[in-house]
Amino acid sequence: MTGRIYLIGFMGAGKSTVAHLLASRFAAPAYDLDRLVEEQAGMRVCEVFETLGEQRFREMETEALRATEHIETGVFACGGGVVVRDENRALLSRLGTIVYLTVSAEVALARIGDVASRPLLSGPSGALAATALLAAREGLYRSVADAVVTTEGRDPSEVAEAVVEALQAQEGTPWHIR
Ligand code: S3P
């Protein structure tokens, strides 16, 4: 495959796991935007939030996203908040094919389990925060998505398969499936 696939969606949607499965399916590398930010920052995402603040994290996230322009081919798992900035949505649309993996706040929280590594959910009312955040973002995810794939009731390999089908259904698809 040549080109970039960006997986977007809420925390707990399974973007990173599905990115790896898709990448092996397409014989392409998988990347995780959060890990790219961590490499750049020299600290974990939760530490960036704690010590530098969310605003700085968002700047670093945009820098990491912009840098993917130099990677010709790959499957990219994006952080759940990547769609919040207008600039990021424009970048995503320009750089590749965007697949929105959907999940409800309830299932997302159950999948995440320990929210310690998710600074936006680790406060005392994590469940409320998840519901409110997802409601605020749902329209943004959909507004940039080339394909929307549900993850509920599916294991990661079934989600990856559904993504492959959704991509193949697109006209003039550049994706070559192994
Ligand atoms: C965030 C999601 C996280 C990470 C950061 C902020 C968000 O990524 O980027 O904690 O705003 O939804 P995952 O979606 O991979 O958990």
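The values are calculated or read from the model by the stated rules, or taken from the named source; none is laboratory data. Small disclaimer: the values here were computed from a predicted structure and weren't measured. With ideal geometry, Cβ positions are generated from the backbone for all residues, glycine too; neighbour counts draw on all protein chains shown. The accessibility values were calculated without ligands, DNA or RNA, using every heavy atom of the protein model including side chains. Shrake-Rupley method; radii C 1.70, N 1.55, O 1.52, S 1.80 Å.
Points worth noting:
- Of the strands (runs of 3 or more DSSP E) lying entirely inside region 1-115, those containing at least 1 residues that are over 20 Å from V149 (Cα atoms) and not charged (D, E, K, R) span 73-77.
- Filter result for the condition that a residue is in contact with a Lys or Arg (Cβ under 8 Å, 6 or more places away or on another chain) and near the ligand (Cβ under 8 Å from one of its atoms), over G14, G9: G9
- For region 117-155, a residue qualifies if it is of a type in the set (A, V, I, L, M) and closer than 19 Å to E54 by Cβ, and the qualifying residues are L120, L121, L128, A129, A130, A132, L133, L134, A135, A136, L140.
- Just one of the listed residues (R56, R25, R89) is within 17 Å of R118 (Cα to Cα), more than 10 Å from the ligand (Cβ to nearest atom), open to solvent by 20 Å² or more (accessible area, probe 1.4 Å) and basic (K, R), and it is R56.
- Residue that is nearest to R4 (Cα to Cα), among those in region 116-155 that are assigned to a helix (DSSP H, G or I) and touching a Leu at 6+ places or on another chain (Cβ under 8 Å): V144
- Residues satisfying the stated conditions in region 121-140, i.e. within 11 Å of the ligand (Cβ to nearest atom) and open to solvent by less than 50 Å² (accessible area, probe 1.4 Å): L121, A129, A130, L133, L134, R137
- F76 vs. criteria farther than 14 Å from L140 by Cβ, in contact (Cβ under 8 Å) with a residue 60 or more places away in the chain and either open to solvent by less than 40 Å² (accessible area, probe 1.4 Å) or within 14 Å of the ligand (Cβ to nearest atom) (or both): yes
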